[in-house]
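A quick write-up on the structure given underneath.
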Amino acid sequence: MSSTSQTRGIFIAVEGIDGAGTTTFAHGIHTTLTASGLAVHRTAEPSSGPVGRLLRELLKSADTPDPAVYALLFAADRRHHWLSEILPNLQKGTWVITDRYVLSSLAYQGIDEDVTWVSHCNARAPLPGVTFFLDLPFHVAQARIHNRGGLRENLEDADFQEKVAQRYRDLSRTFGSSLVTLDASLPPQHLVRAALMELSVRGLLPG
Ligand code: TMP
């Protein structure tokens, strides 16, 4: 995995298990940064591109694909997402916030597949400048999933999610200073404030 040092915009990824609130958080920081006058593009993976659309269909299907197929498709979607949407925005100075990126593949596909192989599959996915990991106990996330009406996708199975939660924590300890862990049990507005503080401390916010 390479870095994004050749680009002008800041690249941010948001990560966490299902139910951790990545989408609400990404929306919150997007709204706040945009209101402060920055050009910010919000996106997500699976992306809205052709491989991403296929993945959304597979995630809803009763037949869960082979884990290696998932790993390859997520990596292919990511490469397309990077080239067609993320990089062009960064190059023109626009910030990019993606709801999920490489860490999702390491955490989810790394359960049933060799995580080193999954990492190799993602070798062409440049790393974000900052990754916010929303850490939430697995049982709290499960209660949130239950409250919103139950499972929507085939990777939301409780046993699997428990392993993913632990894997995220393990990975977060080895990911280096570009990863910021936030306590996702805090209210959304607190999380957004903590994230902005972190960006400010890192000297990334203008003015
Ligand atoms: P979402 O629920 O955040 O939209 O993500 C869809 C599901 O896809 C979620 O269960 C996480 C999973 N996923 C992976 O397993 N690997 C990946 O690389 C990505 C981006 C998502």
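Considering amide H positions built from the backbone, and no H for Pro or chain starts, which residues 5 or more places from V180, or on another chain, come under 5 Å of its amide H?
T131, F132, F133
Find how much the distance from L59 to A194 grows on full extension, using 0.36 nm per residue of separation minus their present alpha carbon separation; answer in nm with one decimal. All intermediate terms of the calculation are to be shown ahead of the outcome.
Values: separation 135, 0.36 × 135 = 48.60 nm, distance 3.18 nm.
Going from the current span to full extension adds 45.4 nm.
Using alpha-carbon positions, what is the distance between the centroids of the stretch 108-133 and the stretch 68-101, in Å?
13
Semi-axes of the equivalent ellipsoid for the chain, please: Cα gyration tensor eigenvalues, times 5, square-rooted, ordered largest first, whole Å. Let's see the in-between values first.
Values: eigenvalues 129, 84, 49 Å².
Over the Cα atoms of the chain, the ellipsoid semi-axes are 25, 21, 16 Å.
What list of ³J(HN,Hα) couplings, whole Hz, do you get for the stretch 143-154 from phi and the Karplus terms 6.51, -1.76, 1.60, once you set θ to phi - 60° and write x for glycine and proline?
Per residue, the Karplus-derived 3J(HN,Hα) values read 5, 4, 4, 4, 5, 8, x, x, 5, 10, 9, 6 Hz.
Using each residue's phi in the stretch 196-207, evaluate 6.51 cos²θ - 1.76 cosθ + 1.60 at θ = phi - 60° and report the 3J(HN,Hα) Karplus result to the nearest Hz, with x for Gly and Pro.
In residue order, the calculated couplings are 5, 4, 4, 5, 5, 4, 7, x, 8, 8, x, x Hz.
List the residues whose amide H sits under 5 Å from the amide H of A44, counting only those 5 or more places along or on another chain, with H placed 1.01 Å from N in the peptide plane.
D99
None of the figures in this text is laboratory data; all of them are computed from the coordinates on show. All of these numbers come straight from a predicted model, not from anything done at the bench.
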